[in-house]
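Beneath this line is the structure, given in structure tokens, with notes to follow.
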Amino acid sequence: MSSKPPSTPFDNLPAGSVCLLQVSDTHLSANKAHRLIGLNTLNAFKQVINHAQKHIGQADIILATGDLTHDNSNEGYSILQQQLARLETPTYYLPGNHDSTEQLLATCAKHQDGFPFLLQKSGWSILLLDSSIIGKVSGHLSQKQLDLLDQKLCENSNSNTLICLHHHPIKTGSTWLDRIALRNSDELFAVINKHPQIKGILYGHIHQTFEQQYNGIAMMGSPSTCIQFAPNQDDFSVDEQPPGYRWLALLPDGTIQSGIKRLESIPGKVDLKSRGY
């Protein structure tokens, strides 16, 4: 007698739920042997994809939330697409500080028409923002983008909404990370606070799990598919946590269920004494 397959987070959800997989901060490169603080980022990403296939079930959408390449190369974006294609799931992208918005839209994201990008499914709106600044590690949202965000939120006021960007808009508790956060988060929240349909804000950049309620909105920061940053540190510090990813279930009643999955161990060696990259 065959054994019953293990349950996944996407089992037994209410009809009309939207199942999401978020991968972030993959830091891939044209060089398949590229290592970030000692860890081969491609090997780690392959193992994350394998893990997601086994442990979360079939997602409706994949969200790739920035720092997708480390060298901003077309080859790196191609490798990213090749690996994500294994999941046979529609994928949407936004840039981080290691990416080029122009190259991302010309390679991976040809099906997207710029930012903010509105994705709608089963009564939910998912809005992707571009918080990258050329040549900077911290983030910023242009006034034009904020105005368009406000417009799209007004036009879709009856849709439960998830907003996605790369940079964290609230403090994490790590001094060094909070210096490279979204610079104009007050302007973002001035828009968001006018729209009660927003249920969550999802981001990467911080290479760690972060979950907090902010004015009734679920704030969700997520791990990297490669190296992790230690939480609550004054200075750059690498964590011993394995690579990971986030799953989300957007329910018809506006509830968001979410969690983090990680590899069982780090696939290789990480230089825990590193003080930056």
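Only one of these is more than 26 Å from Ser125 (Cα to Cα), of a type outside the set (Gly, Ala, Ser), within 18 Å of the chain's Cα centre (by Cα) and at pLDDT 95 or above: Leu68, Leu94, Leu87, Leu42. Name it.
Being more than 26 Å from Ser125 (Cα to Cα), of a type outside the set (Gly, Ala, Ser), within 18 Å of the chain's Cα centre (by Cα) and at pLDDT 95 or above holds for just one of Leu68, Leu94, Leu87, Leu42, which is Leu42.
Inspect segment 199-206 for any residue being within 18 Å of the chain's Cα centre (by Cα), closer than 20 Å to Thr69 by Cα and either among the hydroxyl-bearing types (Ser, Thr, Tyr) or loosely packed, with under 15 Cβ neighbours inside 10 Å (or both) and give the result as yes or no.
yes
Would you mind stating whether Ser138 is surrounded by fewer than 21 Cβ atoms within 10 Å (Cβ to Cβ) and in contact with a Gly (Cβ under 6 Å, 6 or more places away or on another chain)?
The answer is no for Ser138.
Residues of segment 177-198 being within 21 Å of Ile134 (Cβ to Cβ), crowded, with 19+ Cβ neighbours inside 10 Å and either touching a helix residue (DSSP H, G or I) at 6+ places or on another chain (Cβ under 8 Å) or not aliphatic (A, V, I, L, M) (or both), which ones?
Scanning segment 177-198 gives Leu182, Ser185, Leu188.
I need the full set of residues from segment 187-236 which are touching a Leu at 6+ places or on another chain (Cβ under 7 Å), more than 26 Å from Val18 (Cβ to Cβ) and not hydrophobic (A, V, I, L, M, F, W, C), in order please.
Glu187
Here are some conditions: (1) of a type in the set (Gly, Ala, Ser); (2) more than 24 Å from Leu148 (Cβ to Cβ); (3) surrounded by fewer than 19 Cβ atoms within 10 Å (Cβ to Cβ). Gly114 meets all but one. Which one does it not meet?
(2)
Condition test on His168, is it crowded, with 17+ Cβ neighbours inside 10 Å and either in a loop (DSSP other than H, G, I, E, B) or free of Cβ contacts under 8 Å to residues at least 24 places away in the same chain (or both)?
It is true that His168 is crowded, with 17+ Cβ neighbours inside 10 Å and either in a loop (DSSP other than H, G, I, E, B) or free of Cβ contacts under 8 Å to residues at least 24 places away in the same chain (or both).
Gln228: crowded, with 22+ Cβ neighbours inside 10 Å and over 21 Å from Tyr92 (Cβ atoms), yes or no?
yes
Taking interchain pairs and intrachain pairs at least six residues apart, which have beta carbon atoms under 6 angstrom, with the first residue in segment 258-274 and farther than 25 Å from Leu63 by Cβ and the second not in a loop (DSSP other than H, G, I, E, B) and not hydrophobic (A, V, I, L, M, F, W, C)?
What qualifies is Gly268/Asn40.
What number goes with the only condition from (1) out of contact with any His (no Cβ under 9 Å at 6 or more places or on another chain); (2) closer than 19 Å to Asn43 by Cα that Gln213 does not pass?
(2) is the only condition that Gln213 fails.
Of the residues that make up segment 63-75, is at least one surrounded by 20 or more Cβ atoms within 10 Å (Cβ to Cβ), of a type outside the set (Lys, Arg) and at positive phi?
The answer is yes, given that some residue of segment 63-75 is surrounded by 20 or more Cβ atoms within 10 Å (Cβ to Cβ), of a type outside the set (Lys, Arg) and at positive phi.
Is it true that Phe236 is in contact (Cβ under 8 Å) with a residue 60 or more places away in the chain, of a type in the set (Phe, Trp, Tyr) and closer than 19 Å to Arg275 by Cα?
Yes, satisfied.
Which fully enclosed helices (runs of 4 or more DSSP H) of segment 47-165 have 2 or more residues being farther than 25 Å from Ile206 by Cβ and either in contact (Cβ under 8 Å) with a residue 12 or more places away in the chain or not charged (D, E, K, R) (or both)?
Correct list: 74-85, 143-155.
Go through segment 123-145 residue by residue and tally those that are hydroxyl-bearing (Ser, Thr, Tyr) and over 19 Å from the mean Cα position of the chain (by Cα).
1
Which of the residues belonging to segment 24-38 are buried (at least 23 other Cβ atoms within 10 Å of the Cβ) and either in contact (Cβ under 8 Å) with a residue 60 or more places away in the chain or in a loop (DSSP other than H, G, I, E, B) (or both)?
Hits for segment 24-38 are Ser24, Asp25, Thr26, His27.
The values are calculated or read from the model by the stated rules, or taken from the named source; none is laboratory data. The structure presented is a predicted model; accordingly, all values stated were derived computationally and were not measured. In this analysis, Cβ positions are derived from the backbone assuming ideal geometry, glycine residues included, and neighbour counts consider all displayed protein chains.
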